[in-house]
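S.K.: This is the structure I have questions about; it appears just below.
The values are calculated or read from the model by the stated rules, or taken from the named source; none is laboratory data. Source: prediction; values computed, not measured. Heads up, the Cβs are rebuilt from the backbone with ideal geometry, glycines too, and the neighbour counts pull from every protein chain shown. Side chains included, ligands, DNA and RNA excluded: accessible areas come from the protein's heavy atoms. Shrake-Rupley method; radii C 1.70, N 1.55, O 1.52, S 1.80 Å.
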Amino acid sequence: MSWNPVTGCLHGCSYCWARRLALTRLKRHPHYALHGFNPAFNERALARRFKPGEWVFVSDMGDLWGSWVPGGWIERVLEVVRANPRTEFFFLTKNPARYFEFLDRMPENATLGATVETNRDEGYERISRAPKPSERLEAMAELDWPRKVIVVEPVLDFDLEEFAEAVKRVGPAEVYIGYDNYGCKLPEPPLAKVKALISRLEGLTRVHAKSLRPAWYENP
């Protein structure tokens, strides 16, 4: 399930489904009617009750760890996580370097993830204003935490050996890989290349293949 105590994002990713959702289907929801997709704290979400054994995706409608997010917002979210030690909370960000700021008080029931669509920095600014993919991979490799996850979704074209080696250095417990689901015509790799990456990573960790299909420019 998802839990959104903080919403909105300033990375400006061209493929962002959350921004599209906030400004269309959810635009009459009181929270999004007021804030749109601008970063906002959702005070009412802190009263959410969680059950032991649940797996909770935190802030899938934003980036809790963006550089613009006040530290106080993050602290209040972590307080709720600490208060529910038998619930597993999953964090996902395109700014994993921010994890280090809170690592000494990160709750043990947190899984720390990073979205890294490719290993290539060149041209990435046309896709997103988030930190470069190489910076995210380096931050996750340096992060000393027992449960780390890498999400390669939506997958962008990459250098096979270099990307596989970079993910290996991170040492993730799990990797998720999938194509864009929204017809954004991204610079994505051919399906055979993605399958080759999956094959290399399967010997290192658990790999979850999501939305595997031919690239938009390939014959079906």
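S.K.: Right, Arg76: open to solvent by 60 Å² or more (accessible area, probe 1.4 Å) and in contact with a Leu (Cβ under 7 Å, 6 or more places away or on another chain) or not?
M.R.: Against the criterion (open to solvent by 60 Å² or more (accessible area, probe 1.4 Å) and in contact with a Leu (Cβ under 7 Å, 6 or more places away or on another chain)), Arg76 qualifies.
S.K.: Hey, Ala139 hits all of (1) out of contact with any helix residue (DSSP H, G or I) (no Cβ under 8 Å at 6 or more places or on another chain); (2) open to solvent by less than 20 Å² (accessible area, probe 1.4 Å); (3) in a helix (DSSP H, G or I) but one; which does it fall short on?
M.R.: Among (1) out of contact with any helix residue (DSSP H, G or I) (no Cβ under 8 Å at 6 or more places or on another chain); (2) open to solvent by less than 20 Å² (accessible area, probe 1.4 Å); (3) in a helix (DSSP H, G or I), Ala139 violates only (1).
S.K.: With among the polar types (S, T, N, Q) and not in a loop (DSSP other than H, G, I, E, B) as the only criterion, which of Ser134, Ser128 stands out?
M.R.: Details: Ser128 fails: not in a loop (DSSP other than H, G, I, E, B).
Ser134 is the lone residue from the list that is among the polar types (S, T, N, Q) and not in a loop (DSSP other than H, G, I, E, B).
S.K.: While we're looking at this one, here's another question. Within the range 99-117, how many residues turn out to be over 21 Å from Ser67 (Cβ atoms) and in contact (Cβ under 8 Å) with a residue 24 or more places away in the chain? Talk me through it step by step, then tell me what you get.
M.R.: At the first step, the residues of the range 99-117 found to be over 21 Å from Ser67 (Cβ atoms) are 107-109, 111.
Applying the additional criterion that residues be in contact (Cβ under 8 Å) with a residue 24 or more places away in the chain yields 107, 109, 111.
Counting residues in the range 99-117 that are over 21 Å from Ser67 (Cβ atoms) and in contact (Cβ under 8 Å) with a residue 24 or more places away in the chain gives 3.
S.K.: Something else: Kindly provide the set of residues from the range 45-73 that are of a type in the set (Lys, Arg) and surrounded by 13 or more Cβ atoms within 10 Å (Cβ to Cβ), ordered by number. Before you say what the answer is, go through the steps one by one.
M.R.: Taking the range 45-73 and keeping what is of a type in the set (Lys, Arg), we get 48-49, 51.
Of everything in the range 45-73, just one residue is of a type in the set (Lys, Arg) and surrounded by 13 or more Cβ atoms within 10 Å (Cβ to Cβ), namely Arg48.
S.K.: Can you confirm whether the range 88-97 contains a residue that is over 17 Å from Thr7 (Cβ atoms) and either surrounded by fewer than 21 Cβ atoms within 10 Å (Cβ to Cβ) or modelled with pLDDT under 95 (or both)? Show your work before the answer.
M.R.: First, the residues of the range 88-97 that are over 17 Å from Thr7 (Cβ atoms): 88, 96-97.
Restricting the remaining residues to those that are either surrounded by fewer than 21 Cβ atoms within 10 Å (Cβ to Cβ) or modelled with pLDDT under 95 (or both) gives 88, 97.
Scanning the range 88-97 turns up at least one residue that is over 17 Å from Thr7 (Cβ atoms) and either surrounded by fewer than 21 Cβ atoms within 10 Å (Cβ to Cβ) or modelled with pLDDT under 95 (or both).
S.K.: Run down Ile198, Ile177, Ile150 and say which single residue is touching a strand residue (DSSP E or B) at 6+ places or on another chain (Cβ under 6 Å), part of a helix (DSSP H, G or I) and open to solvent by less than 70 Å² (accessible area, probe 1.4 Å). Working first, answer last.
M.R.: Details: Ile177 fails: part of a helix (DSSP H, G or I); Ile150 fails: part of a helix (DSSP H, G or I).
From the options Ile198, Ile177, Ile150, the qualifying one is Ile198.
S.K.: Next up: Can you name the residue in the range 13-44 that is under 17 Å from Leu92 (Cβ atoms) and in contact (Cβ under 8 Å) with a residue 40 or more places away in the chain and is also most open to solvent (accessible area, probe 1.4 Å) among such residues?
M.R.: Within the range 13-44, the match that is most open to solvent (accessible area, probe 1.4 Å) is Trp17.
S.K.: Continuing with this model, one more query. Contact list please: Cβ distance under 8 Å, first residue in the range 69-98 and closer than 22 Å to Leu10 by Cα, second residue at pLDDT 95 or above and acidic (Asp, Glu), pairs at least six apart or on different chains.
M.R.: So the pair list comes out as Val69/Asp63; Gly71/Glu101; Leu92/Asp60; Thr93/Asp63; Lys94/Asp63; Asn95/Asp63; Ala97/Glu135.
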